[in-house]
Each structure stands twice: as C-alpha cells, then as structure tokens.
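The values are calculated or read from the model by the stated rules, or taken from the named source; none is laboratory data. Only a predicted model underlies this, so the values are computations on that prediction, with no experimental measurement involved. Counting neighbours? That spans all protein chains shown, and the Cβs are built from the backbone with ideal geometry, glycine included.
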Amino acid sequence: MANRKIRKGSMAELSQQYRAAAEERYGKGGGSVKAVTKRGIEYAKEHPVEAASYVVTGGIAGAGVKWGAKQLIKKQFEHYLDPRQVAILQKNPEMLKLGGDRKEMSFLFSDIVGFTPISEHFKNKDDPEGLCELINDYLDRMTQIINNNGGCVDKYMGDCIMAFWNAPIPCENHAEMAVKSSIEIAVETELLKEELSAKGLPEIKIGSGVNTGDCIVGNMGSKTRFDYSCIGDAVNLAARLEAQTRQYPNCTTLYSSYTMEQLPDNMKSVEIDKVKVKGKDELVTIYSPLEY
C-alpha cells in the first residue's frame, strides 16, 4: 500500500496510519471505513473461490472480504442446504476449504424411472408447462427430504437428483442419513403417485442408489464460476447403483456393502445380489432396506 510504512502501536495509531496510507494510494477518502470495506467486498466478488474460503484475521478490509464471503456462501448454498446449515457456513467460512479435500462421504442419486411415457403424455397434450410443473414439484419434495436429513443437493440433472452427506457440514451418521432419505423419497413418491392418478396423469416410479466411500470434495470450476461438488469412484458407484434399480423392479433403493456396514442395527437390510458394475473389477454386493 503505497510506500508508507505502518509501524507498531495502538489500534488508534494503526488505524490512522492505515487510512493515511490508503489515501496516499487511492486518493482522498480512500482510507475511510466505507471505502476500504467496499474494496474488500469487491475483492470477494472478483475472487469468489478465495473469498469463500477466506478466514478473517482482523482489519477493516478483512471485514469487507468477510461480508462479501458470507454473501457468496449464502448465494451458493441457500438453494441446496437447509438454512440452518447455511448459517453455520456463514459463521465458519473456514469449513469451505480452498480447492479439494479428501474425506469419506455418502452419496445419493435418485431418478424418475421410465420418464419417457410421462414426457410423451405432456407432449401429446402440448403442455410443456405441465411437465415442468410436475418435475419441479417432484424435485421440491425430494429436496426438502434431503435437506431435512442434513444432506447437500449437489445438482439436478433433468429429473435426477445428486446429493451427498458429510460435507460441507460434518455428519457422523452420513450413511444412515443417505439411506433414510432414499426411503423417505420412496414413501413420498407413493403419495405423489396417488395425487397424479387422481388427476388422470401417468404414475411415476423412482430408483435411488446410495454408496459410501472416499472422494474429493470442494469448490470446483473456473475462476468466475464454480460449484461445491465431489468426484471419485465412490460417487460413480452410487450413480451405477441408481441405474441398476431398473434390473430389480421391486427395489426402489439399492446400496452397497460399504454403506450397509455403517448402518445402525435398527436399520435392517436384505441382500439383493452381487453385481458387476462398470468401472469395477470386483463384484459389488448390493442391498435394499428390509422394509419401508
């Protein structure tokens, strides 16, 4: 900041020296609280990845960056996490590690099975708005279930939802919460089917896949646009298991032995099969909840 040297001293002396140095560089008024805070906010907007992981150590400029980081955290996560979880992240931005972090997590992929007949129904009626309304209603209900169980919705891929547990908010029973969410999604789908039937609309079926394992999680993307997401073989296996539900018409949820081994004793499972999935050399033992 210019060539002015800031010396040690009282907080008042340091503040005066900082303001003088700022005005020397930015002109009259450049060292005011408002001006310095504004620069901190602008920095947060221009460097979202750094700001989202910025831990404030003090100072007026730092306060500006912190405020900007809090707004970025809210904007990034308010649609994917429960508001209580967003508040925790805003209070503890250091929980969002810059780059990636390796950790054990549980993953859920849930999708509408046999979506084509539903799409054709609305197409034949020339009612694209009705199709969007149905999908949005479905996604809203399932997202609420995931949020209520402490999960983070990673993304929507058409009518498919990807969610995970144990990041960015720690969740010790992440396997249990992921399977619990898949069960509640199946129950909620049955209620939705009754509502659709009463309106003369095609019924929907869902398939959910759950897996537990290590992955890389963090802010990923470009400098101007990024998402908090996770990648790894364990994530891919959850997606494979969701697709595998098509092979077992009576199973709406399938999860791996890696997930089953972490479930509590009161959450009973039934072994369904040992399957070969794409990307895995060994057979994977798959399970389903014993009852809903």
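Can you name the number of the only condition in (1) in a helix (DSSP H, G or I); (2) at pLDDT 95 or above that residue 207 fails?
For residue 207, the failing item is (1).
In segment 242-279, which residue that is of a type in the set (Lys, Arg) and in contact (Cβ under 8 Å) with a residue 12 or more places away in the chain is surrounded by the fewest Cβ atoms within 10 Å (Cβ to Cβ)? Full working, then the answer.
Applying the first criterion (of a type in the set (Lys, Arg)) to segment 242-279 yields 246, 268, 274, 276, 278.
Cutting the leftovers down to in contact (Cβ under 8 Å) with a residue 12 or more places away in the chain gives us 246, 268, 274, 278.
Details: 246: 13, 268: 11, 274: 11, 278: 9.
Only one residue fits best here, namely 278.
Take the residues in segment 280-292 that are under 21 Å from residue 235 (Cα atoms) and charged (D, E, K, R); name whichever of them is surrounded by the fewest Cβ atoms within 10 Å (Cβ to Cβ). Reasoning before the result, please.
Keep residues of segment 280-292 that are under 21 Å from residue 235 (Cα atoms), which gives 280-289.
Subsequent filtering for residues that are charged (D, E, K, R) retains 280-282.
Numbers: 280: 14, 281: 5, 282: 8.
This residue is 281.
Of the residues 117, 202, only one is in a loop (DSSP other than H, G, I, E, B) and touching a residue at least 40 places away in the same chain (Cβ under 8 Å); which?
Exactly one of 117, 202 is in a loop (DSSP other than H, G, I, E, B) and touching a residue at least 40 places away in the same chain (Cβ under 8 Å), namely 202.
Within segment 126-158, how many residues are assigned to a loop (DSSP other than H, G, I, E, B), surrounded by fewer than 19 Cβ atoms within 10 Å (Cβ to Cβ) and either at pLDDT 90 or above or not assigned by TED's automatic domain parsing to the domain that holds residue 201 (or both)? Reasoning before the result, please.
Kept after step one, since they are assigned to a loop (DSSP other than H, G, I, E, B), are these residues of segment 126-158: 126-127, 149-151, 158.
Pick out the ones that are also surrounded by fewer than 19 Cβ atoms within 10 Å (Cβ to Cβ) and you get 126-127, 158.
Applying the additional criterion that residues be either at pLDDT 90 or above or not assigned by TED's automatic domain parsing to the domain that holds residue 201 (or both) yields 126-127.
Residues meeting the conditions: 2.
From the list 279, 213, pick out the single residue that is part of a loop (DSSP other than H, G, I, E, B) and of a type in the set (Gly, Ala, Ser). Talk me through it step by step, then tell me what you get.
On the way: 213 fails: part of a loop (DSSP other than H, G, I, E, B).
Among 279, 213, only 279 is part of a loop (DSSP other than H, G, I, E, B) and of a type in the set (Gly, Ala, Ser).
Checking the structure you have, find out if any residue of segment 198-208 is closer than 17 Å to residue 105 by Cα and touching a Cys at 6+ places or on another chain (Cβ under 7 Å).
The answer is no, given that none of the residues of segment 198-208 is closer than 17 Å to residue 105 by Cα and touching a Cys at 6+ places or on another chain (Cβ under 7 Å).
Going through segment 266-282 one residue at a time, which ones are modelled with pLDDT under 95 and over 16 Å from residue 183 (Cα atoms)?
Within segment 266-282, 275, 276, 277, 278, 279, 280, 281, 282 meet the criteria.
Give me a count of the residues in segment 194-251 that are touching a Phe, Trp or Tyr at 6+ places or on another chain (Cβ under 6 Å) and polar (S, T, N, Q).
Residues in segment 194-251 being touching a Phe, Trp or Tyr at 6+ places or on another chain (Cβ under 6 Å) and polar (S, T, N, Q): 3 in total.
Please go through segment 228-276 and give me each residue that is among the aromatic types (Phe, Trp, Tyr) and in a loop (DSSP other than H, G, I, E, B), ordered by number.
Within segment 228-276, just 248 meets the criteria.
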